[in-house]
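The values are calculated or read from the model by the stated rules, or taken from the named source; none is laboratory data. The shown structure was predicted, so the numbers you read here are calculated from the model rather than taken from an experiment. Counting neighbours? That spans all protein chains shown, and the Cβs are built from the backbone with ideal geometry, glycine included. Surface areas here come from the heavy atoms of the whole protein model, side chains and all, with no ligands, DNA or RNA. Shrake-Rupley method; radii C 1.70, N 1.55, O 1.52, S 1.80 Å.
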Amino acid sequence: MRSLASLPLSLSLSLPLSAGLLVLSLSARGVPAPSSPAGPGAVSAKAASAGAEVPSPSAFLGIPVGADRTLADYRQISDYFRALDAASDRVEVVSFGRSTLGKEMLMAVVSSPENLARQGRIREIARRLADPRGLAPAEAESLVKEGKAVVLVTCGIHASEIGSTQMAMEWAYGLATATDPETLRRLSEVVLLLVPSINPDGNVMEVEWYRKYLGTRWEGGRMPWLYHPYVGHDDNRDWYMLTQAETKALTRVLYHDWFPQVFLDEHQMGPSGPRMFVPPYAEPMDPDIHPLVFREANLIGSTMALRLEQAGKKGVIYGYAFDASWPGGTKNTAWWKNVTGLLTEVASPRLATPVEVPPTELAGGAKGLVTYTAQANFPSPWPGGAWRLRDVMDYERIASDALLESVADHREDVLRDMLERARATIAAAAPGEAYRIPAAQRDAPTARLLAALMREHNVDVLANANGDVYVPLAQPYGRFVREMMEPQRYPEVKLVAGKEIVAPYDVTAWSLPLMMGVSVEKAPLPEGLAPWTPPAPIAAATEGGAVFAIRPDSPERAKVLNAALRSKGTVSVLPVERDGLPAGTAFLDAPAAAAAAGVAGGTGVAWTARKAAPRGTVLLKAPRVGLYKPWAASMDEGWTRFLLERYGFAPVSLDNAAVQAGRLRERFDVIVLPDVPPDVLSTGRRKQEEGEPRYVPSLPPEYTGGLEREGARALRDFVDAGGTLVALASACDWVTGEFEVPVRNVLAKSRPEEFRCPGTLLNVSVAPGHPVTWGLPRQVAIFLEEPMAFQTSLPGAELSRWVLAAYPDDARDVLASGWIRGEERLTRRAAAVATTFGKGKLVLLGFRPQYRAQTHATFPFLFDALYWSVLGV
């Protein structure tokens, strides 16, 4: 092993030229001027001659990158990487997609000029090692010898964790300009794929907010909205469902284009604990992941820790907080696809504003560090003091260099291990073992979505002539397939003797058949299968009848109904079972069908032509939907907005002032309260638990407060006048308190040792016949992650109430997938309730039916509640 003295030295970033002179000199070589907007065209080709000066980030941007109170935004970062591309033969910048708001997502391919010249061959070798089917042992070994390790590093997925986006520029500059033999060796062994921001929209939001309030009491504070257009922090919870533009784009890089063997995702964490987390991970781990994934992660993480310690960087910890049992995050999903996924977390300042952390505020409290003191996984605690953006960048730079060092040192091991993991995954399947998605489904359109999702993950999907879909397990991503298709049981690991297990870090259930409501079964692979491809989006037929009937079996129907409702045609609904058609069947007249035919064909929603609708149908109009948006930014609000827009609704965001202004019934038929705690709804502030400080960092006054009494009164008037109020999960507690209906949450005061459900799929029975449950099966799995179960009581004559869904009578039947404590407290309790109130209605869904846009099976609870607001039944 080389000594620390042999490692490349950090580069001093100064400003040798004035910004004006620098712009002139770079422009003369065809390099973009600083801060010019990134255009939509192709990334610039090399424009500089060999040996031209490579600009440093600080010199190019005219700002001291990494200094206190100084941030480059994504536009500047993009400009810099384009300049680096133009000036260096070690850097090639490519576009790999568009963000939600349309920003070009850039990735720097950094390696030796020789590797960049043959990157097509390097990618092909990586692909063949990732999928070694048909690869003879001698050829495989030859590819290992010839190939280069491909390493992906992503920065800034959580936009407020901004240090890595700034560090990425300095790191790339260092790699592009270094002349020491060690750096050149690393670049000859490794192809680095560096994504300076995987959340460009959020980066721009955060930097603009920071600059706006620089020098005020709100400097470095949080924004009153999400740092992603829809999902905020949950942009790192989308990696098996692939709903967001950014997730889809990087998934193509990972599993379709480059097939990296190692993947590092750089994050930040709170300011009052360790300074940096590196692997090894905390318990528990999923034993289905190939052990070589964790052996490599441990090796690389140990190299990071060693180099940080040698550089005098205290406070580095491993085996802390972040476990290895859940596949939702960026690098987590990769574990089940044979990629060594790595996470680093560095303590945060207030974006670019330093914080002072006295020793008395340093604390443990997470698994792996109960008390802030030296221990085997934390041998040199940071003593406290000032903590700045520059500290974050320095820790990340050392860890990133150690990543390249370790992978370069073990290049053949890394390539051979990828080959071994893929081979082992294929061999682990029994002959012909597969999952079958039958063509005969209660919800065929969503079954098609499940098959398409598997293909988007680059999973082999086959089909027979009857339309049955098969997903074989003898394929490189077979572990991932099995993980997604089976129910989960959380690994109950105990670190010491006793009752307590290691608590989950995130959710504990992700079974796609249960979440999506699709019938999937184990079945042997038959003969005569062909690769499955999504059916071409052919418009549904609009001949042969005066009306076209659509059964209520699929949530995809909402896309069709909403397209029809935007037309000049007529849509009606059958409120009772009649003529062999279930309650909730919708009828489109010819103009409505013509307007919706393309959507119906694209989704696979079928309709049948009829001469006329049955008697007794009621007119359906497009519901006018309001969606409450608190200033305490809510990811559930963002997910709800995303889902409603995706399915063709047109939600209008309502802040506190808009609600308090009243006269809501004139504008809306239905208002949705997302999963927001009652205290946040009421006052805008989370309830402090006993012993917690009362202080909460403030926002500018125009972004403070909650609904207060005026907002509660306005919502009560809205419902009293005939509006419908839909509450999701914890918002139900606010509604039951404000409206004083005969419904209460019996778990409202439960303690974690009595009841805990950290993201779990639970079985409920559904009451048929109600407009909110039209089309739902009698049994469905709901997603619960908080203490919520309703007890109803007999109302007075002025009010009607319905139990829409209830938990089983037997506690043994409650759990569908995941982990729960205290399931007996749910038995014979309601999960969803509806009531009348004045002329209007309340719908209380004591769970998140639209959870992270994943739970297709329960989308109808929300969609049908919206339609109920305009049906008059």
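Values as computed for the structure displayed
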read-out: Where W382 falls short, out of the listed (1) open to solvent by less than 10 Å² (accessible area, probe 1.4 Å); (2) of a type in the set (A, V, I, L, M, F, W, C); (3) touching a Pro at 6+ places or on another chain (Cβ under 9 Å); (4) in contact (Cβ under 8 Å) with a residue 60 or more places away in the chain; value: (1)
read-out: Given (1) touching a residue at least 12 places away in the same chain (Cβ under 8 Å); (2) farther than 24 Å from D257 by Cα, number of the condition V150 does not satisfy; value: (2)
read-out: Qualifying positions in the range 468-494 - in a loop (DSSP other than H, G, I, E, B), open to solvent by 20 Å² or more (accessible area, probe 1.4 Å) and touching a helix residue (DSSP H, G or I) at 6+ places or on another chain (Cβ under 9 Å); value: A474, E486, P487
read-out: Candidates P777, P758, P787, filtered to the one that is more than 24 Å from the chain's Cα centre (by Cα) and either open to solvent by 10 Å² or more (accessible area, probe 1.4 Å) or under 30 Å from E492 (Cα atoms) (or both); value: P777
read-out: Elements of type strands (runs of 3 or more DSSP E) in the range 237-350, at least 1 residues being under 30 Å from G120 (Cα atoms); value: 262-269, 340-347
read-out: Breaking point among (1) touching a residue at least 24 places away in the same chain (Cβ under 8 Å); (2) in a helix (DSSP H, G or I), for P229; value: (2)
read-out: Number of positions in the range 281-310 that are in contact (Cβ under 8 Å) with a residue 40 or more places away in the chain and within 25 Å of the chain's Cα centre (by Cα); value: 13
read-out: Pick from the range 259-298, criterion in contact with a Leu (Cβ under 9 Å, 6 or more places away or on another chain) and open to solvent by 30 Å² or more (accessible area, probe 1.4 Å), ranking: modelled with the lowest pLDDT; value: E283
read-out: Of all residues making up the range 410-436, the number that are assigned to a loop (DSSP other than H, G, I, E, B), open to solvent by less than 70 Å² (accessible area, probe 1.4 Å) and not hydrophobic (A, V, I, L, M, F, W, C); value: 3
read-out: Those residues of the range 753-807 which are farther than 21 Å from V726 by Cβ and among the β-branched types (V, I, T), in sequence order; value: T760
read-out: Single residue of the range 57-107 satisfying the filter (among the polar types (S, T, N, Q) and open to solvent by 10 Å² or more (accessible area, probe 1.4 Å)) that is nearest to V195 (Cα to Cα); value: S95
read-out: Which numbered condition V346 fails, given (1) farther than 15 Å from G270 by Cα; (2) crowded, with 20+ Cβ neighbours inside 10 Å; (3) in contact with a helix residue (DSSP H, G or I) (Cβ under 6 Å, 6 or more places away or on another chain); value: (1)
read-out: Residues within the range 374-393 that are farther than 10 Å from P354 by Cα and in contact with a helix residue (DSSP H, G or I) (Cβ under 7 Å, 6 or more places away or on another chain), tallied; value: 5
read-out: Every residue from the range 454-467 that is open to solvent by 10 Å² or more (accessible area, probe 1.4 Å) and part of a helix (DSSP H, G or I); value: R455, E456
read-out: Filter result for D394 (within 30 Å of G364 (Cβ to Cβ), crowded, with 21+ Cβ neighbours inside 10 Å and at pLDDT 95 or above); value: no
read-out: Options G796, G822, G872, G838; residue that is without any contact (Cβ under 8 Å) to a residue 12 or more places away in the chain, out of contact with any His (no Cβ under 9 Å at 6 or more places or on another chain), surrounded by fewer than 21 Cβ atoms within 10 Å (Cβ to Cβ) and farther than 20 Å from D443 by Cα; value: G796
read-out: Test result for M169, buried (at least 22 other Cβ atoms within 10 Å of the Cβ) and without any contact (Cβ under 8 Å) to a residue 60 or more places away in the chain; value: no
read-out: Only one of R646, R663, R641 that is open to solvent by 60 Å² or more (accessible area, probe 1.4 Å), farther than 22 Å from L871 by Cβ and within 25 Å of the chain's Cα centre (by Cα); value: R646
read-out: Selection count where residues are open to solvent by less than 20 Å² (accessible area, probe 1.4 Å), part of a helix (DSSP H, G or I) and closer than 13 Å to L351 by Cβ, scope the range 191-226; value: 6
read-out: Helices (runs of 4 or more DSSP H) within the range 104-149 that include 3 or more residues within 30 Å of A474 (Cβ to Cβ); value: 119-130, 137-146
read-out: Breaking point among (1) under 19 Å from D85 (Cβ atoms); (2) open to solvent by less than 10 Å² (accessible area, probe 1.4 Å), for L143; value: (1)
read-out: Criterion (under 28 Å from Q779 (Cβ atoms) and open to solvent by 70 Å² or more (accessible area, probe 1.4 Å)) met by exactly one of K568, K522, K559; value: K522
read-out: Residue tally, condition more than 30 Å from the chain's Cα centre (by Cα) and of a type in the set (V, I, T), over the range 53-87; value: 2
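Conditions tested, residue by residue: (1) open to solvent by 50 Å² or more (accessible area, probe 1.4 Å); (2) touching a Lys or Arg at 6+ places or on another chain (Cβ under 9 Å); (3) acidic (D, E).
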| site | (1), (2), (3) |
| --- | --- |
| A597 | no, no, no |
| A600 | no, yes, no |
| V605 | no, yes, no |
| R610 | yes, no, no |
| L620 | no, no, no |
| P623 | no, no, no |
| S634 | no, no, no |
| S653 | yes, yes, no |
